[in-house]
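Right, one structure below, let's go through it.
The values are calculated or read from the model by the stated rules, or taken from the named source; none is laboratory data. All of these numbers come straight from a predicted model, not from anything done at the bench. Methodologically, a virtual Cβ is constructed for each residue, glycine included, from the backbone with ideal geometry; neighbour enumeration extends over all protein chains shown.
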Amino acid sequence: MLARERIVREIHEHGGWISFARYMELALHANGGYYASGAGEPGAAGDFVTAPELGRLFGRTLARQLAQFPGLPILELGAGSGALAETLLGELDVEYSILETSAALRSRQEARLGRKVKHLDRLPERWRGIVLANEVADAIPVHVIAWRAEGVMERGVSFQNQEFHWQERPATGGLHEEAIRIRVPVPYESEISLAASAWMRALCERLEHGLILVIDYGFPRAEYYHPQRSTGTLMCHHRHQAHADPFARPGDEDITAHVDFSALAAAARAAGAEVLGFATQAQFLVNCGITEVLGQANVENALVYAPIAAQAQKLLSPAEMGELFKVLAVGRGIAAGRGASAPLLGFSRGDRSHAL
Ligand SMILES: C[S@@+](CC[C@H](N)C(=O)[O-])C[C@H]1O[C@@H](n2cnc3c(N)ncnc32)[C@H](O)[C@@H]1O
């Protein structure tokens, strides 16, 4: 069934209203959804390009951080086209698993990577190793909240005259509790991802020893709920164009929200894990030695060097992915911080964990 029909049916079955989080779940991840159908494969031919899709520079630089933990297996969550796995397997001799929620994307990853990776059907009960999630957290469903003079409202979705509409109800339960802790000027609209926090908690609870790296666009809480960001962070991507109407093409385009990294850090700590580092993507990649990786390219040959330099520009420039994208490291049993025996390479300078 198409995502749109499925959403309409569910709205009717639930008395005319569903939460935006449920709408996003159906539009992206349920049968017929954007990722579930395989339409959401990133790349030049898709709707958006991720860091691993730009070329191998991102993966080769990230590999230098992972090389600090030889022997630890890697579990990649949401591997998209499999580009990052392919690059990392070219750099590291490591056991590599993937957990991918989209059956269509999993088949493409299997075709591309063959027996070099093992696909898991669910999170392992216990994990000793590294977990990687690049641009996965932003696809996890969010609730949409409106802070108004009359109180905290949840913005959900109704369907009238053949169109989806926003409809507000008073926020209740855990969502209300979470929303009233956030101090914003009214009126104000934004998102809260209870599911992203639950996801991080589940990852950390299963992590016996090792490191989780979450790479995505987003902010620490004070910036996320900044007075000037009063209309939230929801964004849709269709054929490399961004827009802000999540009702335009459910199932046929990406719907995302920026990541509240403070919420992820809090969830990790609640599960007994430690925050090991938080930095902009640019700072993380520079710390990992992206300039040395660049230097290994043939700088004499412009035909070779120009595309690699263009990747570096995209990954590092504050106007592109350098500042908006962040890297959060959490872990258990891994030394971190100044003076520790083995600080994480990627956070050796410019660590902003204090801002979380
Ligand atoms: C925006 S794409 C990013 C793909 C890839 N990591 C990259 O950087 O190119 C999001 C990916 O995460 C998958 N995904 C979404 N939610 C997930 C979850 N909770 N667990 C595992 N994979 C998930 C999607 O099916 C898709 O493969």
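Pick out the one residue from E154, E100, E135, E191 that is at positive phi and buried (at least 20 other Cβ atoms within 10 Å of the Cβ). Answer to the check: E135. Counting only residues that are within 16 Å of the ligand (Cβ to nearest atom) and in a loop (DSSP other than H, G, I, E, B), the range 75-98 holds 5 of them.
Taking the conditions (1) over 30 Å from A297 (Cα atoms); (2) within 11 Å of the ligand (Cβ to nearest atom) in turn, R22 satisfies each one other than (2).
Candidates are the residues of the range 170-196 that are polar (S, T, N, Q) and away from the ligand (no atom under 13 Å from the Cβ); the one that is nearest to A266 (Cα to Cα) is S190.
Residues of the range 40-57 that are more than 9 Å from the ligand (Cβ to nearest atom) and modelled with pLDDT of 90 or more: L54, G55, R56, L57. Collect the residues in the range 267-282 that are within 16 Å of Y217 (Cα to Cα) and out of contact with any helix residue (DSSP H, G or I) (no Cβ under 8 Å at 6 or more places or on another chain), keeping them in residue-number order. Listed by number, the list holds a single entry, T280. Residues that are at negative phi, in contact with a Phe, Trp or Tyr (Cβ under 6 Å, 6 or more places away or on another chain), assigned to a helix (DSSP H, G or I) and crowded, with 22+ Cβ neighbours inside 10 Å are absent from the range 290-303 altogether. The criterion of at least 3 residues that are touching a residue at least 40 places away in the same chain (Cβ under 8 Å) and not charged (D, E, K, R) is met, among helices (runs of 4 or more DSSP H) falling completely within the range 127-229, by 194-206.
With the structure loaded, tell me whether A279 is aliphatic (A, V, I, L, M) and assigned to a strand (DSSP E or B) or whether it fails that test. For A279, the condition - aliphatic (A, V, I, L, M) and assigned to a strand (DSSP E or B) - is met. Going through (1) more than 14 Å from the ligand (Cβ to nearest atom); (2) aliphatic (A, V, I, L, M); (3) crowded, with 23+ Cβ neighbours inside 10 Å one by one, L72 falls short only on (3).
Yes or no, residue by residue, for (1) free of Cβ contacts under 8 Å to residues at least 60 places away in the same chain; (2) in contact with a His (Cβ under 8 Å, 6 or more places away or on another chain):
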site: T233; (1), (2): yes, yes
site: R239; (1), (2): no, no
site: A242; (1), (2): yes, no
site: D245; (1), (2): yes, no
site: E253; (1), (2): no, yes
site: A279; (1), (2): no, no
site: A282; (1), (2): yes, no
site: I290; (1), (2): no, no
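Across the range 311-338, the number of residues qualifying as modelled with pLDDT of 95 or more and either of a type in the set (S, T, N, Q) or over 23 Å from the mean Cα position of the chain (by Cα) (or both) comes to 3.
Pull up the range 217-266, narrow it to residues that are among the polar types (S, T, N, Q) and in contact with a helix residue (DSSP H, G or I) (Cβ under 6 Å, 6 or more places away or on another chain), then point me to the one that is farthest from the ligand (Cβ to nearest atom). Checked the range 217-266; the qualifying residue farthest from the ligand (Cβ to nearest atom) is S262. Of the candidates G90, G82, G40, the single residue that is surrounded by 22 or more Cβ atoms within 10 Å (Cβ to Cβ) and either over 17 Å from A139 (Cβ atoms) or without any contact (Cβ under 8 Å) to a residue 40 or more places away in the chain (or both) is G82. Taking the criterion of being crowded, with 19+ Cβ neighbours inside 10 Å and either part of a loop (DSSP other than H, G, I, E, B) or within 9 Å of the ligand (Cβ to nearest atom) (or both), the only residue of the range 59-69 that qualifies is F69.
Residue count for the range 25-37 satisfying the condition of being under 22 Å from L194 (Cβ atoms), in contact (Cβ under 8 Å) with a residue 40 or more places away in the chain and more than 8 Å from the ligand (Cβ to nearest atom): 5. Of the residues D252, D245, the single one that is more than 14 Å from the chain's Cα centre (by Cα), modelled with pLDDT under 95 and either among the aliphatic types (A, V, I, L, M) or assigned to a loop (DSSP other than H, G, I, E, B) (or both) is D252. For the range 176-184, does any single residue satisfy the condition of being surrounded by fewer than 20 Cβ atoms within 10 Å (Cβ to Cβ) and small (G, A, S)? No, the range 176-184 contains no residue that is surrounded by fewer than 20 Cβ atoms within 10 Å (Cβ to Cβ) and small (G, A, S).
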